[in-house]
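See below for the structure under consideration.
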There are 2 protein chains.
Amino acid sequence: MSDPTTAPRPTLEAVAARAGVSRATVSRVVNGGDGVREPLVERVRQAVEELGYVPNQAARSLVTRRHDAVAVVIAEPETRVFTDPFFALQLRGISKELTLHDCQLVLLLTEGRDDHARVGRYLAGGHVDGALVFSLHLDDPLPGLIRGAGVPTVFGGRPCWADGSRGTAPTVYVDSDNRGGAREAVRHLASLGRTRIAHIAGVLDQTSAVDRLDGYRDVMLDADPRLIVEADFTPAGGERAMRELLGRFPDLDAVFAANDLMAAGALRVLRAVGRRVPEDVALIGFDDMLPVAEQTDPPLTTVRQDIEQMGRLMARLLLRGLERRGGEAAGTPGGTPSSVVLPTTLVRRASA
Amino acid sequence: MSDPTTAPRPTLEAVAARAGVSRATVSRVVNGGDGVREPLVERVRQAVEELGYVPNQAARSLVTRRHDAVAVVIAEPETRVFTDPFFALQLRGISKELTLHDCQLVLLLTEGRDDHARVGRYLAGGHVDGALVFSLHLDDPLPGLIRGAGVPTVFGGRPCWADGSRGTAPTVYVDSDNRGGAREAVRHLASLGRTRIAHIAGVLDQTSAVDRLDGYRDVMLDADPRLIVEADFTPAGGERAMRELLGRFPDLDAVFAANDLMAAGALRVLRAVGRRVPEDVALIGFDDMLPVAEQTDPPLTTVRQDIEQMGRLMARLLLRGLERRGGEAAGTPGGTPSSVVLPTTLVRRASA
DNA sequence: GCGGGCGTCGGGAGCGCTCTCACCGGGACT
DNA sequence: AGTCCCGGTGAGAGCGCTCCCGACGCCCGC
């Protein structure tokens, strides 16, 4: 706690008095200064400076119905998903972009049903201009709630319903090219002369896991389906899956895991049973989660996605949509911002 | 983007009309319903329900001068520090506690000087009721700015000035017992019969690094100062430091690293030069950063801090301070909330 | 049976801002 | 020379809410 004597903050009125102009003029200057002659602008600026005037956002919002704030909703931050730097990087990207536009970031973390209701109410309450939503699971009710709330929204990661082209309003999302990345990884394994290539999939109620699996399948057109094991994105899950796979196919010579954590688990099992990586079994992960991918022995070859960039893009898309709204109401050139899929890159280290 | 036709949200007035009462009565019901007779309360509640009324926070703030929102300021989220789940967990703890009190979380990430000014302006602008601030570096101007802004604040981690008892206003912070945890780690190494115990310190412009070093010194009272090497909290730094130490003391038999990342780096070097862990050299880290500590080989013995709990506590302390303010203005029993230092626990795995 | 007090309720002012509109002056045009 | 127009400025209304205060019962006590 600091200063308990809350000094009364100067108001527009006070600035106007000091500058010898009307409230309206001060307001104009504060909001860009268009239509005010230079000498007056200067006088007002100085008064603002001297008084340390800061606009009262509440009063402003009351009349403009804008808040210069967007909500970032992160659903179900279980320890597992929260443990990786994914969201931190997204947030950083989002924050940078929002800052550029003088927009605040209201963070909403949810877990469990009642939280969903709370978030729904908050968004519907019109406290923010828009929302950036991360919802990982197929059965998550949150996206539906949000669409109901009528708040402009951009999703992080392709939401589940966005694959079938429903008759619904267009959903804007930013995702990385999970499928393409997976394809590249598997192709790389194939180019190494590997033929028995297994896949440790993530939880298949997430589009990212499904897409990576699809990418694998794109390349391994007629592979034995038993080469695919679904796990849970954790190292322990990766271990179990690896053991399972080794049991089924003692002769397998490559593994593509749907994330680095599972790859790390798989790596431990491989080493434990005496398989050399990459000589006997080549291994590729996904995410390029640095503290893991660089720390394994050997360091992990993996598929990198530019997570911070995803965040920036989400924010940019949302803001663009918002200003379109405020502007010509409709029909402005450019049309509705549409979804973006960012490219991935294969990072070659030692494991494949 | 969704529904472009923004439906006009119902106002207090509308609810009042529908319930056949006055605005004032609706307001009373919405804010707890004290002093309104039951049948009326019920009627109003129903009207609220039917109209889907949500209070306009801006209008409310305008008169109450409260915002039901606190800022979380995270200074300098360099990739290194942002890469570990530390902030994510803190945020989760903070979010949970704030949610309990119907309080919003405004996230402010900063990097660089101009950002500081921006944050200072924002806080001084009175847009939030309080602030939770994470500032890691000794020379960070942010804490000063914030104190200047006159916003109730709780710090995450002991700020640098809080050690000397200045005549300034009391600073409230939440920290974990870095020094005690370090002591416990080093004592554990000693109890294993190790005598040549080295310390890989973190960047010493952070109080956490300094405290951990102090804890080491508390136990190793007359150790050779050359057993201490300052590194930068990264795996690469840990590697360099380890090599340095091995050069100086080929006979060292234990290492306490100020975080898990450096411990992981040290571990790689030890293995590379053929030292067995823990047989030849025992190794302890700090943080219990799961994706690292559990993935190393052998798994890392380390000092755990309950990060989420720290977050919760910070929020609780701040909120308590805020309600004291709003309440009896001053002199309420209980006094100013004071800083809290949370205990750490030694997690024994295989490396020591 | 009557006055004071308390518990409920409504009226109204006003929080600080934006925005519309009326006003005013000067240059260009008829 | 008079009129029109237009850029610049000020006055005033009103955004949706809270909170103060005054009005109105109602019950209790004398």
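Structure values in brief
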read-out	value
Residues satisfying the stated conditions in the stretch B:7-55, i.e. within 11 Å of DNA strand C (Cβ to nearest atom) and within 14 Å of chain A (Cβ to nearest Cβ)	B:LEU12
Members of the stretch B:213-233 found to be under 24 Å from A:GLN295 (Cβ atoms), modelled with pLDDT under 95 and open to solvent by 30 Å² or more (accessible area, probe 1.4 Å), listed by number	B:ASP232
Filtered residue count, the stretch A:96-152, keeping only those that are of a type in the set (Val, Ile, Thr), within 10 Å of chain B (Cβ to nearest Cβ) and closer than 30 Å to B:GLY112 by Cβ	3
Identity of the residue in the stretch A:295-325, open to solvent by 70 Å² or more (accessible area, probe 1.4 Å) and at pLDDT below 95, that ends up farthest from A:PHE87 (Cα to Cα)	A:ARG325
Residue match in the stretch A:173-190 (condition: touching a strand residue (DSSP E or B) at 6+ places or on another chain (Cβ under 9 Å), away from every other protein chain (no Cβ under 14 Å), open to solvent by 30 Å² or more (accessible area, probe 1.4 Å) and part of a loop (DSSP other than H, G, I, E, B))	yes
Unmet requirement for A:TYR122, which otherwise passes all of (1) in contact (Cβ under 8 Å) with a residue 24 or more places away in the chain; (2) out of contact with any helix residue (DSSP H, G or I) (no Cβ under 6 Å at 6 or more places or on another chain); (3) under 28 Å from A:ILE228 (Cβ atoms)	(3)
Answer residue from the stretch A:266-278, given it is more than 19 Å from A:GLY193 (Cα to Cα) and in contact with a strand residue (DSSP E or B) (Cβ under 8 Å, 6 or more places away or on another chain) and is surrounded by the fewest Cβ atoms within 10 Å (Cβ to Cβ) among those	A:LEU270
Selected residue (criterion: nearest to DNA strand D (Cβ to nearest atom)) from residues of the stretch A:11-24 that are closer than 17 Å to A:ASN56 by Cα and crowded, with 18+ Cβ neighbours inside 10 Å	A:ALA16
Flag for A:SER22 being outside the structural domain of A:ALA131 (by TED's automatic domain parsing) and touching a His at 6+ places or on another chain (Cβ under 7 Å)	no
Considering residues of the stretch A:45-61 that are without any contact (Cβ under 8 Å) to a residue 24 or more places away in the chain and open to solvent by 60 Å² or more (accessible area, probe 1.4 Å) only, the residue farthest from DNA strand D (Cβ to nearest atom)	A:GLU49
Condition broken by A:PRO152, with the remaining ones in (1) open to solvent by 20 Å² or more (accessible area, probe 1.4 Å); (2) over 22 Å from A:ASP306 (Cβ atoms) satisfied	(1)
Tally, over the stretch A:114-148, of residues that are assigned to a helix (DSSP H, G or I) and either closer than 21 Å to A:LEU204 by Cα or open to solvent by less than 40 Å² (accessible area, probe 1.4 Å) (or both)	10
Test result for A:LEU246, hydrophobic (A, V, I, L, M, F, W, C) and open to solvent by 10 Å² or more (accessible area, probe 1.4 Å)	yes
Unmet requirement for A:ALA264, which otherwise passes all of (1) in contact with a helix residue (DSSP H, G or I) (Cβ under 7 Å, 6 or more places away or on another chain); (2) away from chain B (no Cβ under 14 Å); (3) not aromatic (Phe, Trp, Tyr)	(2)
Hits in the stretch A:203-241 (condition: on the phi < 0 side of the Ramachandran plot and assigned to a loop (DSSP other than H, G, I, E, B))	A:VAL203, A:LEU204, A:ASP205, A:GLN206, A:MET220, A:LEU221, A:ASP222, A:ALA223, A:ASP224, A:ALA231, A:ASP232, A:THR234
Subset of the stretch B:26-44 [more than 8 Å from DNA strand D (Cβ to nearest atom) and open to solvent by 20 Å² or more (accessible area, probe 1.4 Å)]	B:GLY32, B:ASP34, B:GLY35, B:VAL36, B:ARG37, B:GLU38, B:PRO39, B:LEU40, B:GLU42, B:ARG43
Test for B:LEU204: is it at pLDDT 95 or above and open to solvent by 10 Å² or more (accessible area, probe 1.4 Å)	no
Among (1) over 20 Å from the mean Cα position of the chain (by Cα); (2) buried (at least 23 other Cβ atoms within 10 Å of the Cβ); (3) assigned to a helix (DSSP H, G or I) - the single one B:ILE284 does not satisfy	(3)
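The values are calculated or read from the model by the stated rules, or taken from the named source; none is laboratory data. Treat the numbers as computed from the prediction; the structure is a model and nothing was measured. Glycine also receives a Cβ, built like all others from the backbone with ideal geometry; neighbour counts cover every protein chain displayed. Heads up: the accessible areas ignore ligands, DNA and RNA and are worked out on the full protein's heavy atoms, side chains in. Shrake-Rupley method; radii C 1.70, N 1.55, O 1.52, S 1.80 Å.
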